[in-house]
Structures are given as structure tokens and as C-alpha cells.
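> Structure in C-alpha cells, see below.
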Amino acid sequence: MPGESPLNMMQRQRPRRSRSAAAPPRRRLWPVVLPVCVVIVLAAVWCALWYYAAGIADRTMSGWMAREAVAGRVYTCGSQTISGFPFRIEADCTTVGATISTTQPPFAVSAKDVNVAAQVYRPTLLVGEIASPVTVAEPGQPPSFVANWSSARGSVSGLPPDPDSVSVTLDHPHVDRVVAANSATIFTADHAEFHGRIVGGTATNNPVIDALLTFAAATTPTLHPLLAEPVEGEVDAVFRGFKDLTPKPWPQRFREMQASGGNIEITHLRLARSDAIIVGAGTLTVNANGKLNGLIRVGIAGLENIVPKLGIDRLIGRGLDKLNGGSGQAQQGLNALDRLMPGLGGVVRDNAAASVIDSLNKMGQPTEIDNKPAIVLPLNFSDGFVSLGMLPLGEVPALF
């Protein structure tokens, strides 16, 4: 164009750079930094949560130990470690001891190792495992009882000092009584469980407690002849009338039950041997003397296998003892019959058992249990004395 300098014309005609040839844009770092920061913050929050939950679990365990100490059960630990990060809080205690001073005489319990754990998200539920053997002895004396098992687990739920539920599970428990270096088995089982929970009221105000005991292939040869052979069992009972669950002796609790008009409701009872089955339900109360009153209706399949185990020999012996002037040696009566004529005592036993079975069958109500013929009979408790129909069984000691 006229009037323009050649320099201006060259600048105007210079081609523009394409966008692709421009300098590359600056990379943004926040898509990388933000996730890293989030992970760091979450890790810090989780650590804080773990230590917070660990503090709650530690206070919970301390609360239970303080509660037990008030009840006269003082626990000791040889060495303790805390672990389980990041998802659990675990406390492991070796060389565990407990002194129980509420009984006469007092006794001491020792165990090899106890492990107690709580989940971070539920620090008020304590789950523990106890390694066997566990020994029981009077303070300063050799062990009187030794218990072994393949595994033992327990749990306690609730804020201390008031529990909501308690559970204990044992696999292959075996308990021996030791006397002068000689041991005798008093309990064995393939499996045993106990579950207790509050189903009404609260731990501090008139709690209603449901207690369930189950066991498989259990024997207690020294307790009763019926339990000398393996028994499968389940007993579910509801206790009403306790004032609260603060630490106190059991006799005091049963006094509270009697004063408040409470009771023990057996909602389900089942005992099964290879040759007999017993089921039942009923309600028991405690009278002013601390003795049990009430009625449990029981159904029995295999009555002919149960009656001979209920002490027929003892009843016959007592009758013969009275005829002989009451020397106090009931069994001597049956032995005397055998001396008069070998086998006569056995004949008397068999005839007496057959007579009792026939009488119970006549007074009972026919039914079926597991498709087997059975009979329903009243199991009566009267001031502590127990009888099955007209057959006396024995006496339950006073509860207070």
C-alpha cells in the first residue's frame, strides 16, 4: 500500500502460528495430590478411631474387672500386651489368676493364658479365649479341680458395670477332681454352651433374665446315675424377681426373688440318652425357707429305663432298714436278703421297679416324643422335696 514502509508490510504478511504449534499447557497436579491427601486423612482418622476405641475397650475391661472385684472376684495378670491394629483391639494376658473370696472356704483359680478382643466398630463387646488347663484350689493348697478343653470362648456385651448378655462356649471340656494325688472325672462333654441375656427391665431395675444351657454327649458320673451315660441336653429358663444385677451373693438374689413374688419358669427342658428322652416345662417359686415349690410336667419316653436309675434300691433299703429297727444302714437290708437267699435282693429290686413303672404308666397321660411312645407325669417340688408322680426322688438344698 502506498505510504507504508517495507518493514510494516513484512510484519503484516507473516503467517500466524497454528494452535498445535503453541506451548503445551501446564499439567494440573490436583487429580494426583487430592487422592493422596484423602488417603492420608483417612489413615489419620482411622488411627485416631482405633486409639479411641482401644481406650473404650480398655475402660470396658477395667470396668468389668472393677465390677468383679466388688463381687469378691479379684483378677491378676502376670504380663499383658495390647495389639490388633488396625481392625481389632486385643489384650493378651499370661499367667492369669483369680481369687474368689465370697465362698467358704475361699478359693483361687489359675489359667495359662487369656486373650480378650474387641472390634473397633463395637468396642463394648468383649470376646475372650482361655487356654487350658485351669486349676481351682484353696489358697496355698494343691489344686482340687483341674479343667481342660480344646477351646473355651466367652463374650460379654454392654457398657460396664451393667452387662446386657453373657455367653460361654466350651469344646470337649473335661473336669477332674483331685484328692491326694488321685483324680476322678466329674464332668465331660463334647460341647457345652451357656447364654444369658436380659429380656425385660434393665440391669439396674428388675431385670428379667433368659438363661439357656446346652450340652452334647455330657456325663457327670458322680452326680447322678442318670447322667453316668452320655446325655444330650437343653434347658431354657427365665428368672423373674431379681432387683438388679449389682454384684451380690446368689442367696441374696434368691431372697429378692422370694420377697418380690418372682419365679423360675422352665420354658424348655430336654434330656436325651440312647435309651430314653425327657422333655418338660413348668414354673418354680421360692418359699420363705428358701426351698423350691412348683410343678414341672415332664414327658418321658423309655420310662422303664429311667425308673431303675431313680434310687429304687435306696427306697427299698430304707424300708427294710425301718423294719430292722432303723440302724441307719439302708443298704444292709438288701444285703441281708441276699444272704438269706442269693439273688433275693435282685428279685425285690426288679419287682419293685416293675411295680413302680406300672403305677406311673397308669397315672400318667400317654403321648409321643420323637414318634416314640411316652408318658406325661408331674414332677413336683414341695418345700424342696422332689417326687415324680408318687415316686420320691430326693431333696433340693435351700437356695438361701
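The values are calculated or read from the model by the stated rules, or taken from the named source; none is laboratory data. In this text, all values refer to a predicted model and were calculated from it rather than measured experimentally. Methodologically, a virtual Cβ is constructed for each residue, glycine included, from the backbone with ideal geometry; neighbour enumeration extends over all protein chains shown. Heavy atoms of the whole protein, side chains included, go into the accessibility calculation; ligands, DNA and RNA do not. Shrake-Rupley method; radii C 1.70, N 1.55, O 1.52, S 1.80 Å.
> Of 248/291; 112/243; 243/309; 112/309; 309/362, which ones are farther than 31 Å apart at the Cα? Present the calculation step by step, with values, prior to reporting the outcome.
On the way: 248/291 20 Å; 112/243 36 Å; 243/309 39 Å; 112/309 39 Å; 309/362 20 Å.
Result: 112/243; 243/309; 112/309 exceed 31 Å.
> Starting from the Cα-Cα distance between residue 184 and residue 150, subtract it from 0.36 nm times their residue separation and give me the gain in nm to one decimal. Show your work: numbers first, answer last.
Details: separation 34, 0.36 × 34 = 12.24 nm, distance 1.94 nm.
Extra length from residue 184 to residue 150 when fully extended: 10.3 nm.
> Using 18 Å as the cut-off for backbone N distance, which residues of the stretch 170-186 belong to the label zone defined by a point 7 Å from the Cα of residue 228 along Cα→Cβ?
177, 184-186
> Take the Cβ-Cβ distance between residue 274 and residue 393 as r, set R0 to 25 Å, and report the resulting FRET efficiency rounded to the nearest 0.05. Please report the intermediate quantities before stating the final value.
Working: r = 22 Å, r/R0 = 0.87.
The computed FRET efficiency comes out at 0.70.
> Extending each Cα 7 Å along its Cβ direction at residue 295 and residue 74, get the distance between those two points in nm, one decimal.
Here the modelled spin labels are 5.0 nm apart.
> Which ³J(HN,Hα) values, rounded to whole Hz and listed in residue order, are derived for the stretch 229-245 from phi using the Karplus coefficients 6.51, -1.76 and 1.60 in 6.51 cos²θ - 1.76 cosθ + 1.60 with θ = phi - 60°, glycine and proline given as x?
9, x, 10, 9, x, 8, 10, 10, 9, 10, 9, 10, x, 6, 6, 6, 10
> Counting Lys and Arg as +1 and Asp and Glu as -1, each charge on the Cβ, what is the dipole of the stretch 175-249 about the Cα centre in debye, to the nearest 20?
Around 480 debye, computed over the stretch 175-249.
> So, in nm, how far is label residue 171 from label residue 44 when the simple model puts each one 7 Å beyond its Cα toward the Cβ?
Calculated label separation equals 4.4 nm.
> Same structure again: Taking the Cα centre of the stretch 103-209 as the origin, how large is its charge dipole in debye, to the nearest 20, when only Lys and Arg (+1) and Asp and Glu (-1) carry charge on their Cβ atoms?
Numbers: 5 positive and 9 negative charges, 21 e Å.
Rounded to the nearest 20 debye, it is 100 debye.
> Per residue of the stretch 390-397, what does 6.51 cos²θ - 1.76 cosθ + 1.60 with θ = phi - 60° give for ³J(HN,Hα)? Whole Hz please, x for Gly and Pro, Karplus curve as stated.
9, 8, x, 10, x, 9, 8, x
> Given Cα pairs under 8 Å that are at least 6 residues apart, what percent is the relative contact order of the stretch 126-237?
17
> Find out how many positive minus negative residues lie around residue 227, taking Lys and Arg as positive, Asp and Glu as negative, among other residues whose Cβ is under 11 Å from that of residue 227.
Residues close to residue 227 contribute a combined charge of +1.
> Still on this model: Please report the carbon-and-sulfur percent of the accessible area for the stretch 214-308; probe 1.4 Å, protein heavy atoms only, DNA, RNA and ligands left out. Don't skip to the answer; put the middle values down first.
Details: 2460 of 4220 Å².
Percent of accessible area from carbon and sulfur atoms in the stretch 214-308: 58.
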